[in-house]
Protein chains: 2
Amino acid sequence: MAEFELIERIRRRAGRRDDVVLGIGDDAALLAPPAGHWLVAAQDTLNEGVHFAPGSAPADLGWKALAVNLSDLAAMAATPAWALLSLSLPRADAGFVDAFVDGFMALAAEHAVALVGGDTTRGPLSISVALHGFVAPGRELRRAGARLGDEVWVTGTPGDAAAALRLGREAPAALRARLERPLPRLAAGRALAGIAHACIDVSDGLLADLGHVLAASGVGAEIELARLPLSAALEAALADPAARWHCQLAGGDDYELCFTAPADRHAAVRAALAAAATAGTVIGRIVAGGDCRVIAADGRDWTPPARGYQHFGSNA
Amino acid sequence: MAEFELIERIRRRAGRRDDVVLGIGDDAALLAPPAGHWLVAAQDTLNEGVHFAPGSAPADLGWKALAVNLSDLAAMAATPAWALLSLSLPRADAGFVDAFVDGFMALAAEHAVALVGGDTTRGPLSISVALHGFVAPGRELRRAGARLGDEVWVTGTPGDAAAALRLGREAPAALRARLERPLPRLAAGRALAGIAHACIDVSDGLLADLGHVLAASGVGAEIELARLPLSAALEAALADPAARWHCQLAGGDDYELCFTAPADRHAAVRAALAAAATAGTVIGRIVAGGDCRVIAADGRDWTPPARGYQHFGSNA
């Protein structure tokens with residue numbers, strides 16, 4: 001099987017949008033952005049042995065490669081539209097490509113994303129997706145913007161994906177699904193436009209990612225362990241509270257949103273999340289300074305063993 | 001060195017453009033496309049051991065990773081603007097990243113391209129660039145559109161990069177430069193808008209890439225060996241004419257443009273190329289059918305040992 005046959009297999013299932021003037025099959029894609037909007041662009045790569053284990057199901061990899069990029073657009077309150085896919089494979093494997101595209105397009109269809117270009121090439125298994133969407137000027141959410149008095153929120157139940165990674169083959173299905181098929185929070189991101197002050201997606205761990213918001217905003221935060229949302233699956237899977245806190249605060253791969261909003265807009269946040277059918281929990285507040293304190297139920301500081309995923313170096 | 005320090009090293013030298021609302025440092029870039037234009041998007045990946053040899057100079061890799069994508073935009077007659085860079089590295093190597101970005105930005109600056117996002121991650125050395133530009137609707141060049149009676153043109157002197165690859169350390173500097181620092185033909189592509197009928201960039205080999213134009217256009221071609229432009233460096237480096245023809249017709253990595261234009265617009269093509277300071281040569285013509293004949297000086301067909309680079313499978 002040559003590259004061109006692989007590309008043809010992908011092209012046949014690439015999805016359609018009226019704003020795709022010319023999709024897969026030329027030197028570049030031609031796309032018609034909507035007038036009066038900003039283009040929102042993100043690119044993330046997943047490498048075998050680093051971001052996923054050898055032998056991972058190709059359909060899960062397709063789903064996840066798109067999900068991690070959709071999550072970036074969710075954190076900007078953007079509406080996704082077009083994806084480019086670079087797929088490096090050790091050998092031309094039509095079965096792998098078909099299953100991969102099945103998983104990719106299953107999630108793409110949910111968010112009306114069309115696959116418009118990219119390349120397939122030989123190399124160690126690696127997936128790089130560039131994703132494009134739109135946002136009306138001023139409606140975007142940024143990392144910078146958190147203010148004193150803001151509440152710190154998180155969607156869903158972070159820590160589930162980290163627990164699945166920790167438990168490996170022993171992980172229950174509910175946790176594994178969170179690791180293998182994350183659900184990017186696009187509806188929530190868009191609903192929070194005009195309400196939230198700052199937003200980021202939790203890819204490297206709640207404390208690490210919240211830390212980026214704090215650094216960009218020039219503020220600090222206090223997070224309360226007792227307020228961390230805990231899924232029934234995580235509670236059942238890990239008996240030790242400290243192990244759960246570690247997953248919740250330092251575990252990556254959840255792709256929830258962490259955002260801040262004024263305390264006096266609490267009801268508006270609740271309504272926005274309800275409209276987006278997304279659970280959300282206040283876990284703390286923005287304070288002066290630049291640090292993030294984690295406060296235990298007894299009022300003492302709790303020091304996590306690690307703050308999040310380090311792409312280079314040791315991970316606790 | 002953590003990922004965030006690497007990103008900061010890249011961010012400091014990412015280049016500026018007025019249409020970059022928010023560049024490196026958030027979940028996604030915010031970009032302001034010009035009104036009334038199509039967005040042109042391409043993504044290409046280079047893997048160590050496949051697209052470049054282990055030990056290649058990082059500055060050359062930075063240059064080339066952008067060049068191959070600029071070449072795709074050149075073939076569409078687009079004007080480039082914004083790049084996303086995904087860089088996978090076996091370890092966090094600040095010296096490598098600095099030199100890589102030097103090479104990348106040296107070419108980016110020539111074409112007013114800003115680096116606006118992407119990621120750095122651990123993995124086998126691999127570079128994936130997504131490049132964005134613009135073209136006015138109807139001014140784009142496509143692979144489809146070649147017509148009976150068109151002349152077939154190529155810019156520059158294809159085969160030089162393939163000869164450099166073949167000769168390895170023995171290759172003269174003039175040929176090595178063509179392999180390591182290809183010059184994408186953006187000015188030529190734009191100058192040919194409204195004149196050329198079809199265009200492609202020569203990345204996999206002249207016959208292979210011209211074959212894509214013929215397939216997309218539903219036509220055939222006749223190419224004359226005697227008309228192939230030959231650089232002095234290639235003539236000096238390879239004494240055997242058949243070895244040279246093989247480099248010229250089946251060698252990849254030249255990133256010249258191959259295009260077709262009506263014979264009665266020959267003077268207009270000449271003027272456009274002169275305005276773009278780019279050499280160009282008529283090497284044949286579009287004919288009926290779907291095949292590409294290669295005709296030797298004695299009028300007989302010449303069969304090349306291979307038609308171009310195969311991404312999966314054996315390469316002659």
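The values are calculated or read from the model by the stated rules, or taken from the named source; none is laboratory data. Every value quoted in this text rests on a predicted model; they were computed, and no experiment measured them. With ideal geometry, Cβ positions are generated from the backbone for all residues, glycine too; neighbour counts draw on all protein chains shown. All accessible areas refer to the heavy atoms of the entire protein, side chains included, with ligands and DNA or RNA removed. Shrake-Rupley method; radii C 1.70, N 1.55, O 1.52, S 1.80 Å.
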- prompt: Copy-to-copy spacing for B:Arg9, label 7 Å out on the Cα-to-C-beta vector, in nm, shortest first?
  reply: 3.8
message: Could you sort the peptides B:191-199, A:290-298, B:273-281 by per-residue average Cβ neighbour count (10 Å cutoff), highest mean leading?
response: B:191-199, B:273-281, A:290-298
message: Can you tell me what share of the DSSP beta bridges in the protein assembly as shown is antiparallel? A percent to the nearest 5 is fine.
response: 75 percent
- prompt: What distance in nm separates the simple spin-label points at B:Leu148 and A:Glu235, each placed 7 Å from Cα in the Cβ direction?
  reply: 7.7 nm
- line: Long-range alpha-carbon pairs in the stretch B:4-64, meaning those over 15 Å apart, account in percent for 69 percent
field: Neighbouring partner chain Cβ atoms per residue of B:16-29, average, 10 Å criterion
entry: 6
query: Dividing the convex hull volume of the alpha carbon atoms of chain A by its residue count, what do you get in Å³ per residue?
result: 132 Å³
query: Quick one: Karplus J couplings for the stretch A:159-165, per residue in order, coefficients 6.51, -1.76, 1.60, θ = phi - 60°, nearest Hz, x for Gly and Pro?
result: x, 5, 5, 5, 5, 4, 5
Heavy-atom surface of the protein assembly as shown, accessible at 1.4 Å and reported per residue (Å²): 37 Å²
Assigned charges on the beta-carbon of Lys, Arg, Asp, Glu; the protein assembly as shown dipole about Cα centre (debye): 620 debye
statement: Note, the stretch B:47-56: 3J(HN,Hα) by Karplus (6.51, -1.76, 1.60, θ = phi - 60°), whole Hz, Gly/Pro = x, goes 10, 4, x, 10, 9, 8, 7, x, x, 4
task: State, as an integer percentage, the relative contact order of chain B based on alpha-carbon contacts under 8 Å between residues 6 or more apart.
output: 22 percent
- prompt: Placing +1 at every Lys and Arg Cβ and -1 at every Asp and Glu Cβ, with all other atoms neutral, what dipole size does chain A have around its Cα centre, in debye to the nearest 20?
  reply: 420 debye
statement: Simple SL model, points at 7 angstrom along Cα→Cβ for B:Ala32 and B:Asp93; separation in nm is 4.0 nm
- prompt: When you count, for each residue, the other Cβ atoms within 10 Å and take the mean per peptide, how do B:49-59, A:241-251 rank with the highest first?
  reply: A:241-251, B:49-59
- prompt: To the nearest µm²/s, what D does Stokes-Einstein give for the stretch A:132-210 at 37 °C and 0.692 mPa s, using the Kirkwood radius over alpha carbon pairs as Rh?
  reply: 227 µm²/s
statement: Mean projected area, convex hull of alpha-carbon positions in the stretch A:211-299, reported to one decimal in nm², is 6.9 nm²
query: Given label points at 7 Å from Cα along Cα→Cβ, what nm distances, shortest first, separate B:Gly149 from the same residue in every other copy?
result: 7.5
query: In sequence order, what are the phi-derived ³J(HN,Hα) couplings for the stretch B:64-79 according to the Karplus relation 6.51 cos²θ - 1.76 cosθ + 1.60 with θ = phi - 60°, rounded to whole Hz, with x for glycine and proline?
result: 5, 4, 7, 4, 5, 7, 4, 4, 4, 6, 4, 5, 9, 6, 8, 9
- prompt: If one puts a single equal scatterer on every Cα of the protein assembly as shown and applies the Debye formula without solvent, what log₁₀ I(q)/I(0) results at q = 0.08 Å⁻¹?
  reply: -0.58
field: Estimated FRET transfer efficiency (B:Arg9, A:Ala274; beta-carbon r; R0 41 Å; 0.05)
entry: 0.45
- line: at B:Ala109 the sorted inter-copy label distances (label 7 Å from Cα on Cβ side), in nanometres, are 4.9
statement: Calculated from DSSP helices alone, with each H run of at least 4 adding -39500 (n - 2.57) and the total divided by the residues of chain A, [θ]222 nm to the nearest 500 comes to -10000 deg cm²/dmol
field: In the A-B interface, the accessible area buried, summed over both sides, Å² (probe 1.4 Å)
entry: 5200 Å²
message: For a test of the definition: using alpha carbon positions, the gyration tensor, and the 1.5 limit on a/c, classify the stretch A:60-123 as rounded, prolate or oblate.
response: prolate
query: Do any residues of the stretch B:61-82 lose at least 40 Å² of accessible area when the full set of protein chains is present rather than just their chain alone, and if so which, with a 1.4 Å probe?
result: B:Met76
Relative frequency of Cα-Cα separations exceeding 21 Å in the stretch A:116-271, percent: 51 percent
The stretch B:1-127 - convex hull of the alpha-carbon atoms, volume per residue in Å³: 100 Å³
- request: With only Lys, Arg, Asp and Glu charged, each at its Cβ (+1 for the first two, -1 for the last two), find how big the charge dipole of the stretch B:57-205 is about the Cα centre; round to the nearest 20 debye.
  value: 180 debye
statement: Carbon/sulfur accessible area of the stretch B:135-275, % of total, 1.4 Å probe, equals 53 percent
- prompt: How big is the gap, in Å, between the Cα center of the stretch A:213-230 and the Cα center of the stretch A:130-158?
  reply: 14 Å
